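Encoded as structure tokens, the structure appears first; notes follow it.
The values are calculated or read from the model by the stated rules, or taken from the named source; none is laboratory data. Keep in mind that this is a model prediction, so the values were computed, not measured. A quick note on method: Cβ atoms are made from the backbone with ideal geometry, for glycine too, and the neighbour counts reach across all protein chains shown. These area figures cover heavy atoms from the full protein model, side chains too; ligands, DNA and RNA do not enter into them. Shrake-Rupley method; radii C 1.70, N 1.55, O 1.52, S 1.80 Å.
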Amino acid sequence: MDSIVIPDSPRRWDCLSLGEVMLRLDPGEGRIHTTRRFDVWEGGGEYNVARGLRRCFGLTTAIATALADNAAGRLVEDLILQGGVDSSLLRWVKYDGVGREVRNGLNFTERGFGVRAAAGCSDRGHTAVSQIQRGDFDWGTILGSQNGTKWFHTGGIFAALSESTADAAIEAMDAARATGTPISFDLNYRESLWKSIGGRARAQQVNRELVRKVDVLLGNEEDFSAMLGVEIKGVSEDFGELPIAAYEEMLREVAAAYPNLKVVASTLRTAHTASRNAWGAIALYEDKMVHVPQREVEIYDRVGGGDSFASGLIYGFLAGKGIDWAVQCGVAHGALAMTTPGDTSMATLAEVERTMKGGSARIAR
């Protein structure tokens, strides 16, 4: 496996993400089907990584996406601006008045508690971003000498939105590779996105092509199985026991199948209840296996934990910290992100570093 090389030429952004940003409607402590009010957040698998790198780690990030030009779209934009992510690459699409042709995605998510699992209900058909096609973004200019990014991130959620988004992801990754930009891809399998367009068979057909263009591949055991057809052995259906040797074998099998990969990483999650998980990670880099053992964490809102792992890992590489530090950072950032509401991280770098050192939860004042 080759090493990750961060471009040393001046570039406008530290990380640029390509993906959907939805409006998350959160019933707080209640249930979606009984609530009378929602809090609103912005969120999306690819976007959450850029936002985490901006807000927690202080880097300069941008999101390439599209929104229908109406009040809901402008609310999403306002939330993006509050998060500090550069929105200059946001494409506004004319709204038809009722959403027959184009609309903005909604994501209803309840947090779960104890024996009641977290649950989500997406309303995202015909969204502006799902209609993005090859040529809609001028990647030559975006990634050229007047702009450019040190890291490019996208993932399986964006690729699942439509046939044209998968093709647009390929176009963007080809342009990034041409400029020597490291590319990360989070498999992020979502059954709801694939089940009506061919299921796992189609997911594997699409993602096997995409992964051949990637440097850093992220996921969990279900992602690798559903999206690439690489099964993990010896893991029970409820993931109650996670044999590390089996994860090592899975990561090595993925690396062997895709020799372009420089890093393959998997989060390790055992959900004892919705409120108490064991959380860790394992990664393969330069033929070295790095394992951060699971640690018991209490969950407030589990959505976005994997995205925050990704941003912590990426930060480690961008900051030149080394693979061991990067994986530990990803695990700590993911754990902290699951202690607050919403998809995105509210953690600080100081909190991440303290968690990495095993710091306690005693009050800091």
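Points worth noting:
- Helices (runs of 4 or more DSSP H) fully within region 235-350 counting 3 or more residues that are within 23 Å of residue 57 (Cα to Cα) and of a type in the set (A, V, I, L, M, F, W, C): 305-318, 323-337
- Of all residues in region 245-255, those satisfying the criterion of being within 17 Å of residue 287 (Cβ to Cβ) and open to solvent by less than 70 Å² (accessible area, probe 1.4 Å) are 247, 248, 250, 251, 254, 255.
- Residues considered: 312, 306. Of these, the only one that is open to solvent by 20 Å² or more (accessible area, probe 1.4 Å), under 28 Å from residue 119 (Cα atoms), among the small types (Gly, Ala, Ser) and at pLDDT 95 or above is 306.
- Single unsatisfied condition, residue 110 versus (1) open to solvent by 10 Å² or more (accessible area, probe 1.4 Å); (2) touching a Pro at 6+ places or on another chain (Cβ under 7 Å): (1)
- Options 11, 37, 54; residue that is assigned to a loop (DSSP other than H, G, I, E, B), open to solvent by 10 Å² or more (accessible area, probe 1.4 Å), basic (Lys, Arg) and in contact (Cβ under 8 Å) with a residue 12 or more places away in the chain: 11
- Scanning region 265-290 for residues that are of a type in the set (A, V, I, L, M) and more than 12 Å from residue 306 (Cβ to Cβ) yields 271, 274, 278, 282, 283, 284, 289, 290.
- Filter pass, residue 355 being hydroxyl-bearing (Ser, Thr, Tyr), surrounded by fewer than 18 Cβ atoms within 10 Å (Cβ to Cβ) and either in a strand (DSSP E or B) or in contact with a helix residue (DSSP H, G or I) (Cβ under 8 Å, 6 or more places away or on another chain) (or both): no
- Within region 268-281, residues that are closer than 15 Å to residue 112 by Cα and touching a residue at least 24 places away in the same chain (Cβ under 8 Å) sit with their Cβ atoms under 6 Å from residues that are open to solvent by less than 10 Å² (accessible area, probe 1.4 Å) and polar (S, T, N, Q), at 6+ positions apart or across chains, in these pairs: 271/277.
- For region 92-105, filtered to residues that are in contact with an Asp or Glu (Cβ under 9 Å, 6 or more places away or on another chain) and loosely packed, with under 15 Cβ neighbours inside 10 Å, the residue that is farthest from residue 54 (Cα to Cα) is 94.
- Count of region 171-214 residues which are open to solvent by 10 Å² or more (accessible area, probe 1.4 Å), more than 18 Å from residue 47 (Cα to Cα) and assigned to a helix (DSSP H, G or I): 16
- Screening region 73-91 for residues that are hydrophobic (A, V, I, L, M, F, W, C) and open to solvent by 40 Å² or more (accessible area, probe 1.4 Å) and picking the one that is nearest to the chain's Cα centre (by Cα) gives 81.
- Counting the residues of region 108-137 that are touching a residue at least 40 places away in the same chain (Cβ under 8 Å) and not in a loop (DSSP other than H, G, I, E, B) gives 13.
- Filter result for the condition that a residue is surrounded by fewer than 21 Cβ atoms within 10 Å (Cβ to Cβ) and at pLDDT below 95, over 125, 140: 125
- Matching option when the condition is surrounded by fewer than 22 Cβ atoms within 10 Å (Cβ to Cβ), touching a strand residue (DSSP E or B) at 6+ places or on another chain (Cβ under 9 Å) and over 23 Å from residue 2 (Cα atoms), among 231, 241, 222: 241
- Among the residues of region 147-170, the ones that are among the hydroxyl-bearing types (Ser, Thr, Tyr), buried (at least 23 other Cβ atoms within 10 Å of the Cβ) and in a helix (DSSP H, G or I) come to 1 in all.
- Selection status of residue 307, under 25 Å from residue 43 (Cα atoms) and acidic (Asp, Glu): yes
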